[in-house]
Structure formats: C-alpha cells, structure tokens
1. Being over 30 Å from Thr169 (Cα atoms), touching a helix residue (DSSP H, G or I) at 6+ places or on another chain (Cβ under 9 Å) and buried (at least 22 other Cβ atoms within 10 Å of the Cβ) narrows it down to one residue among Ala318, Ala343, Ala313; which is it?
2. Kindly establish whether His198 is out of contact with any helix residue (DSSP H, G or I) (no Cβ under 7 Å at 6 or more places or on another chain), closer than 25 Å to Gly282 by Cβ and open to solvent by 30 Å² or more (accessible area, probe 1.4 Å).
3. Would you mind listing the strands (runs of 3 or more DSSP E) fully within segment 246-355 where at least 2 residues are over 18 Å from the mean Cα position of the chain (by Cα) and of a type in the set (A, V, I, L, M)?
4. Look at segment 202-235 and say how many of its residues are more than 21 Å from the chain's Cα centre (by Cα) and of a type outside the set (Val, Ile, Thr).
5. Going through segment 120-130 one residue at a time, which ones are touching a residue at least 12 places away in the same chain (Cβ under 8 Å) and either surrounded by fewer than 14 Cβ atoms within 10 Å (Cβ to Cβ) or assigned to a loop (DSSP other than H, G, I, E, B) (or both)?
6. Which residue is modelled with the highest pLDDT, if the candidates are limited to segment 175-188 and must be of a type in the set (A, V, I, L, M, F, W, C) and crowded, with 23+ Cβ neighbours inside 10 Å?
7. How about segment 377-396: which of its residues are of a type in the set (D, E, K, R) and in contact with a strand residue (DSSP E or B) (Cβ under 6 Å, 6 or more places away or on another chain)?
8. Scan segment 357-391 residue by residue and report those that are within 22 Å of the chain's Cα centre (by Cα), farther than 19 Å from Ile242 by Cα and crowded, with 18+ Cβ neighbours inside 10 Å.
Amino acid sequence: MKRTTLLLILINSFASCFAQVNISQILKTGVWRAVLELQGHELPFNLEVYKNNSDQYEILLKNAEEKLLLDEVTVKGDSVDIALHIFDADIKAKIQGNELVGHFIKNYDKSFHAPFKAYYGQAYRYKRDKNQKSMPDFSGKYAVKFIHDKDTTVSVGIFKQFGDSLTGTFLTPTGDYRYLQGNIVNGKMQMSAFDGNHAYMVYGEKQNATTITGEFFSGKSSRETWIGEKNDNAVMPDEDKITFLKKGFDKISFTFPDSDGKKVSLSDPAYKDKVVVLQILGSWCPNCLDETNFLVPWYEKNKSRDVKIIGLAYERKAEFAYASERVKKMVSRLKMTYPVLIAGTSDKANASKTLPMLNEVFAFPTTIFIGKDGKVKKIHTGFTGPGTGTYYEEFIEYYNQTINDLLAEKI
C-alpha cells in the first residue's frame, strides 16, 4: 500500500512538473511590449498575439495607427520564429514564461542580429513618469534639418500630442518615416517605429516655445542630429525635380526579366499608345510597401483605361533566384496584378546604371509617368504614405490628376 501511494505521489509530481514546463513554453495570446537593442538604446514597439480561425498563431505589429499582419508564425516547443511580412527578416526567440528572448535577424545580412525581448501583458510604449512636472507641447508642423557629418537634409516634421502620448512622422526627399509613436518622458520626446525592416528611434527636447533639437537613430549604425523650427508653412523640396532625365533623353528604355525569367520591354505591343507608370521599388522597402498598397487597388479600378503599371524591383542580392523568390512573395502577399520585373540590386549606384538616362536613382520608391507618346512626363521621387495624413491625401489627388492629364493628351 505504501509503495502504491509513493508511486502515485511520484507520478503526480512528475505530471505537475511536466505541466509547468509546458505552460512556460506556451506563446500567450494578448498584448506584448517588445524591445530591440540598437546603438545602446532600446527601441520599443507593440505586438498583439492571437489565434485565427484555423487555430494558427498570428501577430499584429503595431505602430500608432498601423497594424501590420504577421501570419507566418512558427512555434515549436519553446522556440518562436516570426517571419516579418514580405521582408527577408525574422524574429527568432525562446519562450520563457511571460517573456520572449531572442534576436531580430535580417537574413540577407549575416552581420545583423539585434537583441530582442518581449514582455507579456504590457501595452505601453515608453515607461511613463507619473510624477513628471513639465509637459511641453511638441504638437504641430516643423521645418526640420537632419545633420549627418557635413550633410544636411531638409525635412518636415508633423507631431500630434495627447497628454503625454505622441505620434507623428518626418517627410523627407526619399519618403516619409511612416508611423512614429511614443511618449513624453521627463519633459523629452521619445518616439520609435519598427515595421519589420526599418528601425527608427527619435529623441527630442524643446529649447524654447518653437524649437526642438534631438537625435535620430536608424538601424544598427546610422545616427543624425536634427533641429526643428515650428512653421505651419513648412514645405518639402519639389519631389518632381529631384530625379530627372539627362540632357538629350526624353524616353526610357529597358529590357528586364520577370520573376520567371521572361523578358519584358517598354517597346512591347502591350504598352503601345498607353500611359505607363513605372514603379521603382524593392521588397525590402517599407515606403514601397505603402505605395504598392495604394497602387494595387487603384490599378484594379483603373486598368480598363489606357493605363499600365510596371514594377521595377531592385533587391538586396544580385542572384536571380534570390530576387525572384523575394519578388514572388511580395506579389503574392500584396496581390499585385501588374508585372514586376527584376531590374537589379538596391545599391543606388548600381541601380542608376540600369537606367542610364536618369541623373540617378535617388530613392526607393520612385515613380515615373510616361505619356501615350512614350515620352517621360514626370518623375516623382519618394512616396508620401498614409502615416502623413493630409499629405497622403494630397498625393492621391496629385496622382489621379497626373493620370487624367496624360490620358487626355493627344498622340
């Protein structure tokens, strides 16, 4: 009897320990606060873990108003692998009860491993100081200069403040900084954004009623200082004058393969007497993701008109097999119904060589508008995405008006 009792106790104890191990290895559904360690700083962002109707894990990556769906989540034992949307990057972590511990990895760059942690049940961005005495007002529009060594970039900063919560973005000549989110901590601005590829940290401090100075960190090594002067009339350089055709050119010509290797050229019959939009993009580029999310439904509504779109993809590696795989995933995930060609690599100098009639490929994305006569009519550098609010609405108006004007032209 005693032996039986002892055996039962041992069995129950073992089962209890086994259950505890299993529980500690379960990826809990609900809110998580994640942190990347970059350049000696912590970059926070927010996650929401849940299970879909097929009982598969999915995660929403949150930055301000953006909710980016991550639906390739693999959980094996205590290991979690999160594929980051269309980007060639992953978060690989171990489940340790209410924490995840691991790394953010860019698969195309073997040197990039950023420490990652996440904490279950935490919904905040930056830890607030409930006793902070000063609450400066950062809201408004600012004429901004980013300073890196001797280089200066003219930008526009837009910030919205609600109590100690802050959202906003920067408009730059190469595109906007998408959805920044943060808090005012000890009277200072702290904002971040992580979209699966780009990792931004913004710090700022009011010098007086109209001036902010601060630092901007991007990725593993980029750091700039910035200064913003409040100015409701702040404007960006003309995006239609940054990239242009070299003297002696009025057309663009190319022949590039699609992801199956089929060669496509602007001289193909499908594009004769059509308005053509060239989208210079890359599957690694979040601003290109924003532009594509605009172009895909726009094209579905307008493809019955005499207008075509061609994507020219510049990927992180030159190998065709790699580029083809990345482009196919992007096309599938974003439901792109227009052709996307593999044009080269994302290095801007190399990209510029593939289109030698341009002064340079200055930014991803760049949008080139071609008239029915085959001549280039406009080249728009960068993209003003939905994170910019009214600026995005103004771009949509600009885009539609440009297409309407080109369709109305006589050949």
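The values are calculated or read from the model by the stated rules, or taken from the named source; none is laboratory data. The structure displayed is predicted, hence computed values, not measured ones. Backbone-built Cβ (ideal geometry, glycine too); neighbour counts: all protein chains shown. Accessible surface is based on the protein model in full, side chains and every heavy atom, while ligands, DNA and RNA are left aside. Shrake-Rupley method; radii C 1.70, N 1.55, O 1.52, S 1.80 Å.
1. Going through Ala318, Ala343, Ala313 in turn, just one is over 30 Å from Thr169 (Cα atoms), touching a helix residue (DSSP H, G or I) at 6+ places or on another chain (Cβ under 9 Å) and buried (at least 22 other Cβ atoms within 10 Å of the Cβ): Ala343.
2. no
3. Output list reads 275-281, 307-315, 340-345.
4. 15
5. Within segment 120-130, Gly121, Gln122, Ala123, Tyr124, Arg125, Tyr126, Lys127, Arg128, Asp129 meet the criteria.
6. Going through the qualifying residues, I end up with Leu180.
7. Those that are of a type in the set (D, E, K, R) and in contact with a strand residue (DSSP E or B) (Cβ under 6 Å, 6 or more places away or on another chain): Lys377, Lys378.
8. Pro386, Gly387, Thr388
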